[in-house]
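Just so it is clear, none of the values below were taken in a lab; they were calculated from the coordinates. None of the values given here were measured: they were computed from a predicted structure. All Cβ positions, glycine included, derive from the backbone under ideal geometry; neighbour counts span all protein chains shown.
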Amino acid sequence: MKKYKLVLWNLIPFGMEKSDRKYPPLNLGIIASLTPPHWEVVIRDEYFEEFKTEPCDIVGFTAMTSHALGAYEAAGEFKKMGIVTVMGGVHATICTEEALAHVDAVIKGEAEELWGEFIGDFENNQLKRLYFCAKPVNLNKVPKQAFHLYNSNYQWGIVQTTRGCAGNCEFCVVTSIFGATYRKRPIEAVVGEIQDMPQNRLFIADDNLIGFSNEDHNRFKDLCRLLINKNVNKIWITQVPLQFSDDEKMMDLAYKAGCRGVFIGIESGSVEVLAGKMKKHMNVKYVKEGNFVEKINKHGIQVFGSLILGNDEDGKDCFRLTYSAIKRLKLAMVHVSPLVPFPGTPLFKRLIAENRLLYTDFPNDWRYYRKAEIILFKPAKMNVQELNEGTLWLYEKLFSLSSIISRAISSYFTSGNLKTAMIAYKVNLEYRKTYKECSRLIKEQLKNSNFDSQLDKISG
Ligand code: SF4
């Protein structure tokens, strides 16, 4: 019989329908491993079960901004039962005061060096309200996830091997959360964790798995070599910068180690945008040359590109230009959306300072800060309606059946591989459903448009 019970909840984003959840909540698996053995730990996932309260000593929530309102509501239910509530994750780290108004304690920043203290304080009846990680955690201290506590329905495993990024791109929260220093877990620990996970497919959830320096690149190659030498034999997808396409040896090793797809933040087909406020100068050369997809595909690795609309340098022609760029770059699979100014990013701070955010009644308005279904800011070179209408036009162009088929055919010629083309076709069909839903929401917003009152509000 365990002495205490901890319940950890992974909630679906506030107000969203349940969808497929492919992989487990990594940070909750780590928290569970950090909890002493005299605690019973339960990890619950709203993707698989209805939210409910239950008797326990502590309930913990992790939340991105899109989950924050749901986490506050859920914490309120547990608090009514006299149960101690704690919250961590990106949102509580950025909006700490706000989170403290809804839960008993906040873990601000990385939890590895704080969780033991938090649990000890609870047991000694000396709980503090704030546990603050003042310096980046040494990643040697990251334990293996508690795989045995996860729901058995996840189709994909997940692992993280690095944290931190010096990129500091204006729209991205990674540098604020994890710092500018690229920190790496020992590759032996990573490979051991991958071997132990029950799934044969996984997402390596690094924001940039290969890093930027030669040393980082060599470490990635060593990781691949170890996966190969240990016959791990699992396939994986991950996130890399465009520099990945420069190194034939790296791509060859990645494929042999199981890599079958990479997400790449291309961000824009416009050099002016990349070198503008976004500060993604590093992509300029690749977008100009335009052959990175072919180079990566040649190694049997798919490219999933992501692009952003409504940047300050984007004019009304950005939708047409983005469509042409996707064709020119031969991107078979893409994610395109208007800019979302998430809290904690330099972009959010700038738009607040420029009085350009449309929804600022926080925490209530965090409900809109999720996928870009609603335009959240006043664009610089068009109005909100034009950004909405242009986005709709682009979604319809990109996800029409004829366009999906044409990109799959182009993928076949780029990769020389029928399987690659079929995967692109299937992924795009799945995405078509998502974009149909986004289009529906945009149309609704256009119909019930309250931009005028929002704009009146921000212009005082
Ligand atoms: S977008 Fe990528 S490169 Fe830029 S700061 Fe974020 S993780 Fe780093």
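Data overview
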| item | result |
| --- | --- |
| Stokes-Einstein D in µm²/s, Kirkwood radius over Cα pairs - region 4-132 at 37 °C with 0.692 mPa s viscosity | 226 |
| Listed peptides 276-289, 118-131 by packing density, highest first (mean Cβ within 10 Å) | 276-289, 118-131 |
| Simple spin-label estimate for residue 422 and residue 225 in nanometres, 7 Å along Cα-Cβ | 3.5 |
| Placed amide H near residue 267: partners under 5 Å, 5+ positions off or other chain | 306, 307, 308 |
| Antiparallel content of DSSP bridges confined to the chain, in %, to 5 | 5 |
| Chain lengthening between residue 16 and residue 201 when straightened (0.36 nm per residue, less Cα-Cα) | 64.0 nm |
| J(HN,Hα) series, region 15-24, from Karplus relation 6.51 cos²θ - 1.76 cosθ + 1.60, nearest Hz, glycine and proline x | x, 9, 6, 5, 10, 5, 10, 8, 9, x |
| Candidate aspartates and glutamates - alpha carbon under 14 Å from residue 141, same-chain residues fewer than 8 apart omitted | 110, 112, 113, 188, 193 |
| Most to least packed among 198-204, 385-391, 17-23 [average Cβ atoms within 10 Å] | 385-391, 198-204, 17-23 |
| Entries in 256/288; 279/349; 249/298; 381/433; 22/79 that, when Cα-Cα distance is taken, lie over 23 Å | 256/288; 381/433; 22/79 |
| Relative packing of 405-416, 329-340, which averages over residues the other C-beta atoms within 10 Å, highest first | 329-340, 405-416 |
| Cysteines in the chain that, by Cβ-Cβ distance, have no pairing candidate under 4.7 Å | 56, 95, 133, 165, 224, 259, 318, 438 |
| Fraction in percent of alpha-carbon pairs per bin - 20 Å, the chain | 23, 57, 19, 0 |
| Theoretical FRET efficiency, 1/(1+(r/R0)^6), r = Cβ-Cβ of residue 123 and residue 430, R0 45 Å, to 0.05 | 0.45 |
| Dipole magnitude of the chain about its Cα centre (Cβ charges: Lys, Arg +1; Asp, Glu -1), debye to nearest 20 | 1240 |
| Exposure proxy ranking, count of Cβ atoms within 10 Å, fewest first, for 61, 399 | 399, 61 |
| Footprinting exposure proxy for 247, 104 (fewest neighbouring C-beta atoms within 10 Å first) | 247, 104 |
| Segment residue 73-residue 235, length gained on full extension (0.36 nm per residue, minus Cα span) | 54.5 nm |
